[in-house]
Each structure stands twice: as C-alpha cells, then as structure tokens.
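Undergrad: Supplied in structure tokens, the structure appears directly below.
The values are calculated or read from the model by the stated rules, or taken from the named source; none is laboratory data. Given the structure is predicted, the values throughout are model-derived calculations rather than measurements. Please note: Cβ atoms are built from the backbone with ideal geometry, for glycine as well, and neighbour counts cover all protein chains shown.
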Amino acid sequence: MSENPVRQQFADTMLEVGRDDPNLIVMVGDISHFILQPFAEACPGRYYNVGICEPTIISMAAGLSKMGFYPVVHTIAPFIIERGFEQIKLDFCYQQLGGNLVTVGSVFDYSNLGCTHHCYGDFALLKTLPGAEITYPASPVEFDTLFRQAYRSGLLTLFRIPAHPHSHGFSPDDIRFGEGIKIADGSNLTIVVTGPQLSNAVAAWDALGDMGWSADIVYIHTIRPLDTDLIRASVLKTRRVLVVEEHMQSGGLGDDVLRTTRDIPDVQYSSLSIPDTFVTEYASYEGHCERLGLSRDGILDRVKADFGVGHALQRKGLG
Amino acid sequence: MDKDLRKKVVQMVFAGKDGHIPSSFSIVEILKVLYEHCLRFDAQNPEWPDRDYFILSKGHGCVALYVILHKHGFLTDQDIDLFCKPGGILGEHPDCTKVPGIEASTGSLGHGFPFAMGIALGLRLRRMANKVYALIGDGECNEGAIWETALVAANLNLGNLCCIVDNNGSAATILPVHPLKPKWEAFGWETQEINGHSESEIRAAFGRLSFSWEGKPKVIIANTLKGKGVPMLEGHGPWHHRIPDEQELEIIMEALS
C-alpha cells in the first residue's frame, strides 16, 4: 500500500485494466515494485522490473508497442523524461508508436533528495515532441479515468503523478481527457490552475472576493491537448488571467495560456510558477511551495501585486 | 567479397551526394547472407505477420541495406534514384515511417538494439516464432544502452534475439571495446566470432543458431574491415562520411572491377 493515494491508484488501475486487457504491459525501473505485485500476480508475463536502465526500458517498450502491446513505463520523473528523452522522442514519437509514461517524483516531491530527483521541466520537454500527450492527474479518480481514456490512444502519453493530491472531489463523469473543468464562476479574474495547486486556488477564492475579485477557476488536468476553448471563453469574459502551476516558468502551462489568449485585447497576465533556476535549498514539498509562493497566500499576494484591487461584479460560488 | 553490391552503394552515394561508404561496405556480406538465406520476408507485403525482424541499429550503414532491399524487391529503381533527393523516401538513415522493409528508424546509436529486444519480448509473449536480428557496430558498443540491453536480454532469457556486431575497427580508434567475445560471454550471451566478409562463415554461423522463446540470446561478432574492398576507403579515417568526386569515383570503381 502506498502512502501516496494517486500512486496507489496507479497500481490499482494497472490491476483492473490489466485483467481486462491482455495487451497492457507494465515496466518499472525498480520503483513501486511492491505495490505492483497484485498486477504482476494477476497478469503473469506482463510485469517487468527491468532494471535501472531507463533509456533501454523506453526503447524496449517502444519495441513492445510495435508488437501491438500497450506499454507502461514507470519510474521517477527525471530518469524517464530527462535521461530517456531521446528514446521518447525517436523510438516512440518519431516512429509514431503509442505508449504510456507514468512518473512519480513530480516537481520537487522528492524534496530533500535534491536536484537529481527533481523534475520541473517535463511539460516543456514533452511539448517539443509532436504527438506527445501530457496529463497531470492530481487525484486518484483523475488518474484512473484519464488512464482508461488515453492509454490506447496510439500516442505517447505522460501521466505525471504528484505525491500531494489536491483535495477537490471529482466524480469520474467530471473527467474527460483534453477537457478542463470549471471549478468556480466569476467575472473579472481567471485562475488557470493545474495539479495540487487546485487546493490553494480554491482556498484563495473567498479571500479574493473580499479583495474585490470574482474569480473563474479553470482546472486543467490535461496539459496537451489543452482545452483552449474553456480558457479563451473565461479570459474573454474576465480579461485577467493568473496561471498557477508547479512547473518552470519556461514552457509551462502559462506559456500555453499566453499563446491561447494572445489575440484577446487588453488581457492582463500573471503567473505563479517555478523560476527558471534550480531549486537548491533543502526543504519539504510544502516548504518549497511556500517559498515559491505556490500557496493560498501566494496567490493572494500575486493578484494584489499584479492586478491590484478588484471590483467584484458577480460571484456565483464554487462549483 | 561482393563487388557488385559495393558498386551500387558507391553509385548511390555519388548520385545522392551523401552517405557513409566505408560503414556500408563492412556489412555488405552480412546483409547479403541474411536476406538470401536467413530472413523470412515478403517484399510485396513488408508487414507480413510471420516475417523475421531485422533492425539496422547502426543506421549510418543504411546504403548497403537499401541496395539489398532493392535487390529483393522492397524498393524501386526510382526509390534508389531519389536517394537523398526531394521527393524520395531514402535518406542517410533508415526511416520506418517511409521505407518498406525498414523496421526501425535508427541513426542515433544505441536505440535499435533495445528496440529489437522489445520486439523479441513481444514475439515471445505472443508465442510467435519469428526471429529477431539486430546489427550493431563496434563503435556503437561505446553506447551504454548496448550493454544495458545485453544485461536485460540475458536476464530475460530472450532466445529469439540475435545480435550481430559489425566489428569493423571503428571503436579501436576511439574508445576500444575489445576483446568483444569474452565481454559478451560474460554478459551471458551465446557467442560466435567469424570473418564478417566470408559468406560461407556467415552462413555457417547463422546456421548454428537455435532460436527459442527461452534461452540465451545470441551474438555473432563479425570481424570486418571498414571500407572493405577499396584500399583508399579502408579503415576509420577521412572517408567515414566523405563523398567521392568524379576522379575518386573512377578510382573506387576501378578497384571494384
């Protein structure tokens, strides 16, 4: 049993999907080995703790994909995305083979392990690969639903698992691959948020109201393909957008929001993300977030600093 | 030594103004024997499910493979004429998204071999008897992924996978990997070492292989010479990626006549 509920859901989903689909194969680099044993026992011959050789695991998984299997490669984010990047690019994406990457160690979840175990540029890297899909399922139901919807897409799909899920409750019916979710309706501010930071965005909503801001909260679990329609509709209404994400500023969701809204006149833009520097201090995940302003108060401070005081016109309430 | 196939390699490179002649020359006999005597394929149906799989992991030797694929009907005269030209499907590295008979897009060394291992594992899981061959270079053996794959394939007991090392001397001038035979044996592979330009030795080596779903993976270390057949081209030197001019073309063709 994993202490991380999304990671545990990953293991549970592999078991359930694997029982029904004989083409699902799970390959790990000596991580999550024990929680995947139910899958290994239920699906003999389809679970491989290959070894600590991530590039080779990825190339090998692409070979299995060529043979009609749906491979899932799972280990710590930087070892897949950064070390194995060329294998992802050439063996999956260029050869037009489908596969699934399930990473743990999102951003700085392995906080005190330092930069070797951090990964906050994965969206940016994968966005350079034509056809690559990127998801950030930050609650168990999101992982289960998005995986079932996307694992046979025929494309390379990333499932970035955070160690600290958000606290918002979704039902499976709320989750559709490639579609954002409107969490709250407002009138003069859009908060586009992804990952665990949804909790902070929701927590800030009342206080923003007291500051005169009536905020749309748009939650994004699929970074690519991005629900540009939902984002544009909101920003067309509010003309102000704050993007909150646990990713480097360069190449993150914020860049996509800017591109998506570039032709809308008079839009004010701000973002809360990780500066384009290494996170070198030792701290807990919460400590890193606090220092970087990725918190309820950080959201309030950034709105005040960049947008000033608002004049709320409508507040329809949290959805 | 097959001079006619080498001439065709040189003609393609001269016409296309690109290509790696010496790296192609070192694998001519290996490919010739593979396609004439070992591989099951249907050139009219390259995706035939019962085919054997050949992956040229050292993708820069692809002109030799193109010549062989043309000989066996995968490629047309026009495909060959348009090598490295607009509108063509043949580039300086093999591309499985364009070229019939090419199983993997290679060029970046160290990718094709683990990819082939995945195919071999997939075939075993499907209980299919197709064989998998991957051809790597000795220079490519500098790549860590080659030895990762050697470890993993032996650990998985992939008896339906055969690796051929084109031991053409490239690595010796860069980062030596010799002796190769004891290394592969230490990694748990069934190992043979042959003269990679002797068609009879190559054929005999392939004939000794016993493919199975469970068993030691096999490696054939084929001792070859880069640029074999034309003294001016031989060895790991300036001809690695050089295109002959008209005068040099004459010298090469004369040496192959």
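Undergrad: Please verify whether B:Q78 is over 20 Å from the mean Cα position of the chain (by Cα) and in a loop (DSSP other than H, G, I, E, B), treating the condition exactly as stated.
TA: Details: over 20 Å from the mean Cα position of the chain (by Cα): yes; in a loop (DSSP other than H, G, I, E, B): no.
No.
Undergrad: A further question on this structure: What are the residues in the stretch A:76-98 that are surrounded by fewer than 23 Cβ atoms within 10 Å (Cβ to Cβ) and facing another protein chain (nearest Cβ under 8 Å), if any?
TA: Within the stretch A:76-98, A:E86, A:L90, A:Y94, A:Q95, A:Q96 qualify.
Undergrad: Output the qualifying pairs, or none if there are none: Cβ atoms under 6 angstrom, residues six or more apart or on different chains, first residue in the stretch A:37-50 and assigned to a helix (DSSP H, G or I), second residue charged (D, E, K, R).
TA: Pairs found: A:A42/A:R19.
Undergrad: Look through the stretch A:130-161, keep the residues that are in a loop (DSSP other than H, G, I, E, B) and among the aromatic types (F, W, Y), and return whichever of them is surrounded by the most Cβ atoms within 10 Å (Cβ to Cβ).
TA: A:Y136
Undergrad: Please pick out the residue among A:V73, A:V107, A:V141, A:V102 that is within 14 Å of another protein chain (Cβ to nearest Cβ) and either within 30 Å of A:S171 (Cβ to Cβ) or hydroxyl-bearing (S, T, Y) (or both).
TA: On inspection, the qualifying residue turns out to be A:V73.
Undergrad: Then there's this: Of all residues in the stretch B:114-144, count the ones that are part of a helix (DSSP H, G or I), more than 7 Å from chain A (Cβ to nearest Cβ) and within 16 Å of the chain's Cα centre (by Cα).
TA: Count: 2.
Undergrad: What number of residues in the stretch B:97-117 are surrounded by fewer than 24 Cβ atoms within 10 Å (Cβ to Cβ), closer than 17 Å to A:E86 by Cα and of a type in the set (A, V, I, L, M, F, W, C)?
TA: 1
Undergrad: Hey, another quick one. Just checking, which of B:P182, B:P176, B:P100 is out of contact with any Leu (no Cβ under 6 Å at 6 or more places or on another chain), in a loop (DSSP other than H, G, I, E, B) and free of Cβ contacts under 8 Å to residues at least 12 places away in the same chain?
TA: Details: B:P182 fails: in a loop (DSSP other than H, G, I, E, B); B:P100 fails: free of Cβ contacts under 8 Å to residues at least 12 places away in the same chain.
Checking each option against the conditions leaves just B:P176.
Undergrad: Can you tell me which residue is farthest from the other protein chains (Cβ to nearest Cβ) among those in the stretch A:25-62 that are in contact with a strand residue (DSSP E or B) (Cβ under 9 Å, 6 or more places away or on another chain) and among the aromatic types (F, W, Y)?
TA: Applying the filter and picking the extreme gives A:F39.
Undergrad: Does A:S199 satisfy the condition of being surrounded by fewer than 24 Cβ atoms within 10 Å (Cβ to Cβ), in a helix (DSSP H, G or I) and of a type in the set (S, T, N, Q)?
TA: Values: surrounded by fewer than 24 Cβ atoms within 10 Å (Cβ to Cβ): yes; in a helix (DSSP H, G or I): yes; of a type in the set (S, T, N, Q): yes.
Taking the combined requirement at face value, the residue satisfies it.
Okay, residues lined up against (1) under 29 Å from B:K17 (Cβ atoms); (2) of a type in the set (S, T, Y); (3) part of a loop (DSSP other than H, G, I, E, B):
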{"residue": "B:I194", "(1), (2), (3)": "no, no, no"}
{"residue": "B:E201", "(1), (2), (3)": "no, no, no"}
{"residue": "B:A205", "(1), (2), (3)": "no, no, no"}
{"residue": "B:L225", "(1), (2), (3)": "yes, no, yes"}
{"residue": "B:G235", "(1), (2), (3)": "yes, no, yes"}
{"residue": "B:W239", "(1), (2), (3)": "yes, no, no"}
{"residue": "B:I243", "(1), (2), (3)": "yes, no, yes"}
{"residue": "B:I251", "(1), (2), (3)": "yes, no, no"}
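Undergrad: Going through B:E201, B:E214 one at a time, which residue ends up being modelled with pLDDT of 95 or more, within 30 Å of B:L121 (Cβ to Cβ), surrounded by 18 or more Cβ atoms within 10 Å (Cβ to Cβ) and of a type in the set (D, E)?
TA: B:E201
Undergrad: If you go through the stretch B:85-92 one residue at a time, do you hit one that is out of contact with any Lys or Arg (no Cβ under 7 Å at 6 or more places or on another chain), within 14 Å of chain A (Cβ to nearest Cβ) and crowded, with 21+ Cβ neighbours inside 10 Å?
TA: no
Undergrad: Next question. Any chance you could count how many residues in the stretch A:17-36 are in a helix (DSSP H, G or I) and either without any contact (Cβ under 8 Å) to a residue 40 or more places away in the chain or among the basic types (K, R) (or both)?
TA: Qualifying residue count for the region: 3.
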